[in-house]
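Some notes on the structure that comes next.
Nothing in this text is a laboratory measurement; each read-out follows from the coordinates by a stated rule. Worth saying up front: this structure is predicted, and the values here are computed from it rather than measured. Cβ sites come from the backbone with ideal geometry, for glycine too, and all protein chains shown count toward neighbours.
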Amino acid sequence: MNDHVGTSPIVIDLVYAHAHHPRNIFGEAIYKPDARLWLHADLARITLRAAEYLYRDFKYSLELKDGLRPVESQQKMQETSIVKAHPEWAERAFLSLPGQGGHPRGMAVDVCVLDDTGTPIDMGVPFDFFSDDPGTNPAGRDYRGFSSSILEHRRRLEYAFVHAASELNLPIYPLPSEWWDFRFPKDIVTAHAPLYDADLPPAMKMTAE
């Protein structure tokens with residue numbers, strides 16, 4: 001996706017490539033510093049078209065936070081101190097186990113939205129917000145405890161992805177628990193094997209030096 005920066009209204013901010021990134025909840029580098037952001041080709045098409053809609057209608061830019069997350073990277077997340085201290089994250093499906101989910105197949109993308117000055121649009125809670133309260137999840141798409149303007153921001157983002165997928169005759173599944181996560185439906189995801197960093201060509205490697 002890095003190759004589309006400059007020709008499409010997207011920004012790449014690969015959070016987990018930097019230990020001290022303010023939104024890297026793990027506090028450790030999960031990817032190597034020069035890792036690039038990769039998506040399944042069809043999900044890339046949806047993402048780029050959604051970005052075009054957001055820019056055309058609102059002058060927003062789509063900021064991509066994460067995409068392909070090889071199995072080794074998922075394992076590295078499991079081994080971080082913060083995840084070991086929060087076993088409930090896996091129990092509550094905040095964090096997929098190695099090999100599970102859309103990310104290790106390049107079939108999930110995490111995004112944020114920036115205005116025309118590069119300032120993040122208020123979505124109520126930031127990317128990778130994990131609620132400590134098991135009874136409520138402000139990151140969820142069905143949460144209504146925010147102002148109408150915040151809920152409208154979320155609606156605009158979701159509509160852009162759903163509309164883009166529809167026009168391309170492709171499926172999309174906005175993950176209910178995370179406003180920032182868009183992926184392919186489970187039946188498509190599970191029909192494909194997860195990717196291991198060790199098997200990727202050199203240009204695609206995320207964790208190996």
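Quick rundown of the values:
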item	result
In order through region 29-45: 3J(HN,Hα) via Karplus (6.51 cos²θ - 1.76 cosθ + 1.60), integer Hz, x for Gly, Pro	6, 8, 10, 6, x, 9, 4, 10, 9, 10, 9, 3, 4, 6, 5, 4, 4
Trypsin sites (Lys or Arg not before Pro) lying in DSSP loop within region 125-209, provided at most 11 other Cβ fall within 10 Å	R144
Long-range HN-HN contacts of E63 with modeled amide H, under 5 Å	V11, C112, V113, L114
Packing rank of 11-17, 108-114, where each peptide gets the mean count of other beta carbons within 10 Å, highest leading	108-114, 11-17
Gain upon complete extension [H163, S149; 0.36 nm per residue less C-alpha separation]	3.0 nm
Centre separation in Å (Cα based) which lies between region 158-173 and region 24-60	16 Å
Virtual spin-label span in nm between Q78 and H21, 7 Å along Cα→Cβ	2.2 nm
Under 17 Å from K65, Cα to Cα: aspartates and glutamates that are on another chain or at least 8 residues apart	D3, D13, E28, D34, D110, D115, D122, D128, E158, E178, D181
For region 76-193, the spread of Cα positions along each principal axis, largest first, Å	38, 34, 28
Peptides 164-170, 45-51, 72-78 ordered by average Cβ neighbours within 10 Å, highest first	45-51, 72-78, 164-170
